[in-house]
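For reference, the structure is listed below as C-alpha cells.
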C-alpha cells in the first residue's frame, strides 16, 4: 500500500517505517517538525504526532479522501469529537495501544471480572526508569475496567520495555494474567493490521479491539 | 441440603464435610472402607471414592432417586458409559477438577489459542514432591487443547499445592496465564456449587464448566 | 526437650505445639489469657504473646533459670533494653520472622545491594486480605536494607499466606529473588531450630540469622 | 583506552563497538573475515571470533604485548591449554557469559545450595524460538552446580532474549531467583569491565567472576 505518515521521525514513526518497508509498503507522504514531502496520493494516512496537529491531519484527509489510523494520545474532548465527525466521511481506527497482547489482556480481564465478582484484584505494571507517566496508559485502561477501584502498583526497573499483570485472588486460589512487551515492533505490527483493515471500510469509527476481534 | 457422601474419609471427603457443615448442610448417608451409615434419604449424592465402587453408587441412586456429583477419577470406558446412561434418569455432574480458577484457565487458554494461532505455547505445572503422576491431570487437559503438541514441563517442589501456567510467545510480546491453588478447600467449594446446581435439574449430564458458565 | 509456651492458644502457639509434639517434645508449662499450668521446670521458654506480658516472662525465667526464644512483636525501647539485659544472664533468641527462607532472602538482598549499587530496586509483597498491617514486617526489614528508599508495593489477594520479592533492574538485565511461604509450619520449624540452638548457650543475645548461619 | 577487536562484525562485535565508542574508547585494530586494519598498538585485545582464529590472536599479542579479553566459545583442550600458557606472560580474562546478573545468579545459587541441602531444586530457562541449543549454556552452568542432578526445563517462546530461574522448594516455603536479559548490551558492559580490569594486571588467568567479585 501507499501510505502517509505524520510524525515520521518519532520513536513510533521510525518503527512503523522499518516494518512497513519490510512489508513492501511505500511511504508517499511524510510529515514531521520542519520536514514535509508528498510524492503522490496516499491510500491510508497514519498519525503518530501530537494533539495540536489535528487540523493539519484533517486537511490532508479532506484533500486526498483517504482513511486514518491514529495513535495520537492526549486529545481533549473537542478534538475527540472532531475525530468522530471525521469518521462519518472516512474510515478511522483510533487506539492508544496497538499491541494484540494488550487487547487480549483487556478482553480476558473483563471476562475474569464478570466470573469472579467477589475476588480481590490488584494490577502491577513495570517499565524502564525513563518512563515519565505513572501509572502507564495501559494500566489506566485496566484499572478503568474496575471503575478505578483496583489498586495499581507501578514499578520502574532499569530498561524494562513494559510488563502488565492483573491478579485475581479468591480464598482458595489465585489467577493472574501477564503481558510482557519485548519490543516496540509489536505496536508497529498492530498499526499495519489496522491500516490493512481500514482500507476495506468506506467510513466508520473503529477501535483496535474491533480490528482484531470483528 | 441433605447429602450422601461416598468416600467420606478420604482427603477430599473430609474437606467436603468441613465445608458443607459450615454451610449448614447435613450428611445423612456416609460410606467408606468398613464404614457405612444411612439416616434418611439424601437429596443429592456425592462420590469421591474409587472406580470399583460404581455399582454401589448406582444402587444407592436407584433406591433414593437422587442426583449425583462425582469426582472419581480413573473410570474405564465401560464405566463412563454407565454414568452417561445414569444421566438419562437423574442429573449428573462429572469432573476431575472442581476449581473455578482451573475452569477459567481452560476457557482463557482456548480463547488465546484461537486468537494467537502462530504463537509458541509452553505449559508449566508445579506440585509438591509427593505427587505421583507427571504431568498433572490439569496439565494434560491444558495440553489436550493443543492436541498434545505444546511442551509440558513438570516441576516438583517441596509442598506446593498446585500451580499451572500457560505461556504464549509471539515475536514482540509474551502473554501468560497462571493459576495457583492455595488449598484443597477450593475444590470442596466447586463440589458445593455443583450440588446446588444439580438439585435444580431432573436429569442430564453436566461438566463442571457447564455448572459455572451456563 | 521440656518446654514452656507463653501464648499457647494463639495461631503461632498452636502451630508450635503441633510441631513440637510431632518431634516428641513435651510442653510442661503453658500460659495464655485465663489459662495457666506448670507441670515441671521447663528447659527452654518460648514466648509468642504480647508486649505487655514481658514482666511475667521475666519472672518465669528468674524462677526457672531457663533460656528464652521470643517472637513477640511491638516491644518499645524500654522493653527491648530489658530483653538485652536478660541476655546477660541467660540465652535469648529474638526474631520477628522465624523462616529460613526469609533469612536467606534478607542475606541475598544485602549481597545484591552491594554488588549492584546503581540498579533500581523495587519490593513487592502479597498477603491475604485479612492482614491488617501494610507493608508487612518482612517488607519493612527488606526496605530497611535500602534506608527505606526502595518503593514497597503491598498486594492483598484472597488467602495468600505470604510472598515477598525484591527486584533489581539494570539497563540490560533484571534480577529478582522471591520467597513464598506455603504454611505457618515453616515458622514453627524456625522456633524449634532456635530452641535447640539456645539450649547449647549459657547466655547471650542471638538473632535468628545467627541461629541459622553461625 | 585503545583497543583491538577480533570478530568486529559479529553480533557481539558490533555491540562492543557501540558501547566502547559511547565510552570514548578508540578501536585501533580490527579484524574479521576479509577485513583487517591496524592504526596503532592496542592497549588491550578483545576476541569474539571463532576457535580456529587462536593462532592469529596469539601472534597479535606476541607482537604488541597487550592483555586479552576473550569470549570465544568451543575451544578444545589443546587450545584451552594454549590460553592458560599465554596467561603466564600477559593478563587474560576468559568467560562464556559476560553478564553481571548471570554471575550473581550463579553465586546466589551456590549459596542457597549450601544452606538448603534437603530442598528440591528445579531450573527453568526461556529463550527465543530461533535458539538452537537446548538447554542454554547458562542453564548447563547452573545445573553443573548440582552435579547435573537438578531437572532443567527449556521453554522456547517467541523472541524472548533469555530468562533463567532457579527454584528451591522446602516443605513450608519456596525461594526462587530469576534473571532476565533485556538486551545484548549487558554482555558488552561486562567486556568493558573486563578490559578495564585486565589493564591493571601484568599477567595471570581470570574468570569474569573474578573481575566482578575480587
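Each value in this text was obtained by applying a stated rule to the coordinates, not by laboratory testing. Treat the numbers as computed from the prediction; the structure is a model and nothing was measured. No Cβ is skipped: glycine too gets one built from the backbone with ideal geometry, and neighbour counts run over all protein chains shown.
Some points to look at:
- Expressed in units of 2.2 N^0.38 Å, where N is the residue count, the Cα radius of gyration of chain D is 1.10.
- The long axis of helix A:77-86 is offset from the longest Cα principal axis of chain A by roughly 60 degrees.
- Rotation relating B and D, chain D residue nearest the axis via C-beta, angstrom: D:153, 2
- Sorting the segments B:151-159, B:55-63 by their mean number of nearby beta carbons within 10 angstrom, highest to lowest, gives B:151-159, B:55-63.
- Using alpha-carbon coordinates, inclination of helix D:185-198 to the longest axis of chain D, degrees: 60
- Principal axis box of the stretch B:1-101, alpha-carbon based, largest edge first, Å: 36, 34, 27
- Using alpha carbons only: equivalent-ellipsoid semi-axes of the protein assembly as shown, gyration tensor based, whole Å: 51, 43, 27
- Take each residue of peptide B:158-166, count the partner chain Cβ atoms within 10 Å of its Cβ, and average: the result is 5.
- For the stretch D:100-180, projected area of the alpha-carbon convex hull averaged over all directions, nm²: 5.2
- Stokes-Einstein D for the stretch A:89-143, Kirkwood Rh over Cα pairs, 10 °C, 1.306 mPa s (µm²/s): 118
- With respect to chain D, whose longest principal axis is taken over its alpha-carbon atoms, helix D:11-22 is tilted by about 70°.
- Exam field: residue C:53 pseudo-label spacings to other copies (7 Å along Cα-Cβ), nanometres: 4.3, 7.0, 7.1
- DSSP beta bridges in the protein assembly as shown [antiparallel fraction, %, rounded to 5]: 50
- Peptide-level mean, for D:40-51, of C-beta atoms on other protein chains within 10 Å: 0
- Beta bridges per DSSP, both residues in the stretch C:100-181: antiparallel share near 75 percent.
- Percent antiparallel among DSSP beta bridges (both partners in chain D, rounded to 5): 45
- Separation between Cα centres of the stretch B:163-200 and the stretch C:86-113, rounded to whole Å: 37
- Nm distances between copies for residue C:201, ranked from closest, using label points 7 Å along Cα→Cβ: 4.1, 6.3, 7.1
- Inter-copy label distances for residue A:76: 5.7, 7.5, 7.8 nm (label point placed 7 Å from Cα along Cα→Cβ; shortest first).
- The stretch B:128-153-the stretch A:1-30 distance, computed between alpha-carbon centres (Å): 44
- Entry for the stretch C:1-45 at q = 0.18, 0.21, 0.30 Å⁻¹: log10 I(q)/I(0) = -0.45, -0.61, -1.14, Debye formula applied to identical alpha-carbon scatterers, no solvent contribution.
- Max mean-square fluctuation residue, GNM over chain C, Cα-Cα springs under 10 Å, options C:35, C:110, C:15: C:35
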